[in-house]
Amino acid sequence: MKAAKDKLLDASPKVAAHWQLIEEQGRVECNLCPRNCKLRDGQSGFCRVRGNRGGQLFTFNYGKSVAATEEVIETEAVYHFSPGKRILSLGNIGCMMACTFCQNWQTSQIRHLDVNAVKSYAPTDVLEICQEHNIEMVSWTYNDPVVWHEFVCDTSRLLRQNGIRTLYKSAFYIQEDPVRELIDCIDVFSISLKSMDESFYRQVTKGKLGPVLDRIRQVRESGRHMEISQLVIPKLNDAPAEIEKTARWMIDNLGNDVPLHFVGFHPAYRYTEVSRTSTETLLQAREVAFSQGIKYCYLGNVYQDGVSDTYCNCGKLLVSRFGLSSTVVGITPTGHCSDCGDPSPIHFALEAQSLSCADRRDTRIADRQNRFEWTTEISSLHLSVKGRPVVEPFDVTVKHLGTPLVQNVRLGGGLERVLVSKKSHRSDEISITWNGPHDVHLFPVLDLSLIHI
Ligand code: SF4
């Protein structure tokens, strides 16, 4: 397996951006993230996907990603930008941090890399998948996009030239100059602030808090859309005093209207001795945030009515949400509250709601079927087409039993996975039907939002 891993990393390296030669030491210094790894010829950095080869810094993961997946924007802890928007999610290999609770450790931590999970994409491939599936936004996500910088920037610029927006989901342990480049080509930032405690960063993530806070302020000053999320982890950062520090810092540095998401933790990687975060703890965290003056606070990964709705100052319900589903109910086509007329805090509120291909009645006859019963723990699934890449796209119909909702999704054509989630407390089961020779597999997703943190 080591040989396969080395082969994968050695294949088509590219000269990296953001480094300098330290001639007197015979090393190159990488300046992409605050680690500033100083590397002799042949050495790789902490992330294991950048290294000194012959006196130049190379990136080894250009275009290398887990399978492209169609999801909705809510999976990225983004609630104030085009609710319900379909996105294409791509995630690289390697990471500049080493969080003990990482859910993506098989791709983020190179020593555990499963090479079979890795695909190769050119920027034009990403554009073609979007065009084939009529997807208008790409998300750089899963394990952190920081160490994918060159591919992210090249592809985001190409996508922008073709009218496709981009979203950057990151722990944001990165330097100022690369962020300046990102601000020029990324539309939405979703930043995972893990704690306000320096020792938490040092011990649990192997990073530092200060640079993360500086970069968050940099994005805020740029005016780009930004939302903040925090994984609430039992015994590590779930005390009300810790939550209060996060809310206080946001109020003092970003203002009160940047959305804050609290996301439940599920035991993973090296932090498995505790249980998952309770809904009560998340609700308490939300109350603490509100008491500090945060205007918009949401709970990620909680499939319950009334925990993540958006209200206008006048009390009018603007957007109702259940899990990853959103319904705009109180915003006019001009983006104002339908009761008091104040501007809504949601950008492009109706854009995706009117364009969504979901939620319509199906009339086709299918010859293949699968069913899945939602459980307390599992409220999301990946529908996946396995085996050889399927060139021709094919349609899959998902009926949310117990409700009138029917969702049509497309697999194939470069898209191997589509996310489907529970859409209403009334739905206990889904029925999945399709035509054609391909097998559609169902992979339960335990804690969806955690995958992106
Ligand atoms: S991006 Fe990688 S090589 Fe560069 S400084 Fe960070 S950990 Fe080191």
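The values are calculated or read from the model by the stated rules, or taken from the named source; none is laboratory data. Note that this is a predicted model, so its numbers are computed, not measured. As a convention, Cβ positions derive from the backbone with ideal geometry for all residues, glycine included, and neighbour counts pool all protein chains shown. Protein only, heavy atoms only, side chains kept; ligands, DNA and RNA dropped before computing areas. Shrake-Rupley method; radii C 1.70, N 1.55, O 1.52, S 1.80 Å.
Select from region 1-22 the residues that are under 30 Å from Arg202 (Cα atoms) and either modelled with pLDDT under 85 or buried (at least 18 other Cβ atoms within 10 Å of the Cβ) (or both) and list them in ascending order.
Across region 1-22, the qualifying residues are Lys2, Lys5, Asp6, Leu9, Ala16, His18, Trp19.
Please report, ordered by residue number, the strands (runs of 3 or more DSSP E) entirely within region 34-74 with at least 2 residues that are more than 14 Å from the ligand (Cβ to nearest atom) and either assigned by TED's automatic domain parsing to the domain that holds Arg202 or in contact (Cβ under 8 Å) with a residue 60 or more places away in the chain (or both).
Values: elements: 50-53, 56-59, 69-72.
Those strands (runs of 3 or more DSSP E) span 69-72.
For the list (1) without any contact (Cβ under 8 Å) to a residue 40 or more places away in the chain; (2) within 14 Å of the ligand (Cβ to nearest atom), I need the number of the one condition that Ala3 fails.
(2)
Among the helices (runs of 4 or more DSSP H) confined wholly to region 124-230, which include 2 or more residues that are touching a residue at least 24 places away in the same chain (Cβ under 8 Å) and more than 28 Å from Cys37 (Cβ to Cβ)? Steps first, please.
Values: elements: 149-161, 176-185, 209-222.
Result: 149-161.
If you take the residues of region 239-255 that are assigned to a helix (DSSP H, G or I) and without any contact (Cβ under 8 Å) to a residue 12 or more places away in the chain, which of them is most open to solvent (accessible area, probe 1.4 Å)? Step through it out loud before you land on a result.
Keep residues of region 239-255 that are assigned to a helix (DSSP H, G or I), which gives 240-254.
Within this subset, residues satisfying the condition of being without any contact (Cβ under 8 Å) to a residue 12 or more places away in the chain are 241, 252.
Details: Ala241: 61, Asp252: 104 Å².
Among those that are assigned to a helix (DSSP H, G or I) and without any contact (Cβ under 8 Å) to a residue 12 or more places away in the chain, it is Asp252.
Among the residues of region 86-120 satisfying the criterion of being out of contact with any helix residue (DSSP H, G or I) (no Cβ under 8 Å at 6 or more places or on another chain) and either away from the ligand (no atom under 16 Å from the Cβ) or open to solvent by 60 Å² or more (accessible area, probe 1.4 Å) (or both), which is modelled with the highest pLDDT?
So in region 86-120, the residues out of contact with any helix residue (DSSP H, G or I) (no Cβ under 8 Å at 6 or more places or on another chain) come out as 108-109, 111, 116, 119-120.
Okay, now just the ones that are also either away from the ligand (no atom under 16 Å from the Cβ) or open to solvent by 60 Å² or more (accessible area, probe 1.4 Å) (or both), so 111, 116, 119-120.
On the way: Arg111: 65, Asn116: 77, Lys119: 88, Ser120: 91.
Applying the filter and picking the extreme gives Ser120.
Suppose we filter Asp184, Asp197, Asp177 for residues that are surrounded by fewer than 23 Cβ atoms within 10 Å (Cβ to Cβ) and under 20 Å from the mean Cα position of the chain (by Cα); which single one remains?
Working: Asp197 fails: under 20 Å from the mean Cα position of the chain (by Cα); Asp177 fails: under 20 Å from the mean Cα position of the chain (by Cα).
Answer to the selection: Asp184.
When you scan region 397-417, how many residues do you find that are aliphatic (A, V, I, L, M) and either within 15 Å of Phe372 (Cα to Cα) or in contact with a Pro (Cβ under 6 Å, 6 or more places away or on another chain) (or both)? Working first, answer last.
In the first step, residues of region 397-417 are kept if they are aliphatic (A, V, I, L, M); the result is 398, 401, 405-406, 409, 411, 415.
Keeping just the survivors that are either within 15 Å of Phe372 (Cα to Cα) or in contact with a Pro (Cβ under 6 Å, 6 or more places away or on another chain) (or both) gives 398, 401, 406.
Count: 3.
State all residues of region 9-33 that are within 10 Å of the ligand (Cβ to nearest atom) and out of contact with any Leu (no Cβ under 8 Å at 6 or more places or on another chain); if no residue qualifies, say none.
The first filter runs over region 9-33 and keeps only residues within 10 Å of the ligand (Cβ to nearest atom), leaving 16, 18-19, 28-33.
The answer is Asn31, Leu32, Cys33.
Where in region 277-345 are the strands (runs of 3 or more DSSP E), entirely inside, with at least 1 residues that are crowded, with 21+ Cβ neighbours inside 10 Å and polar (S, T, N, Q)? Please lay out each step first, then the result.
Values: elements: 297-300, 317-322, 325-328.
It comes to 325-328.
Keeping to region 411-435, report how many residues are open to solvent by less than 30 Å² (accessible area, probe 1.4 Å) and not in a loop (DSSP other than H, G, I, E, B). Walk me through how you get there before you give the answer.
Within region 411-435, the subset open to solvent by less than 30 Å² (accessible area, probe 1.4 Å) is 411-413, 415, 418-421, 424, 427, 430-434.
Narrowing the set further to residues that are not in a loop (DSSP other than H, G, I, E, B) leaves 411-412, 415, 418-421, 430-434.
Residues in region 411-435 being open to solvent by less than 30 Å² (accessible area, probe 1.4 Å) and not in a loop (DSSP other than H, G, I, E, B): 12 in total.
Out of the residues in region 386-410 that are modelled with pLDDT under 85 and of a type in the set (A, V, I, L, M), which is surrounded by the fewest Cβ atoms within 10 Å (Cβ to Cβ)?
Among them, the one singled out is Val391.
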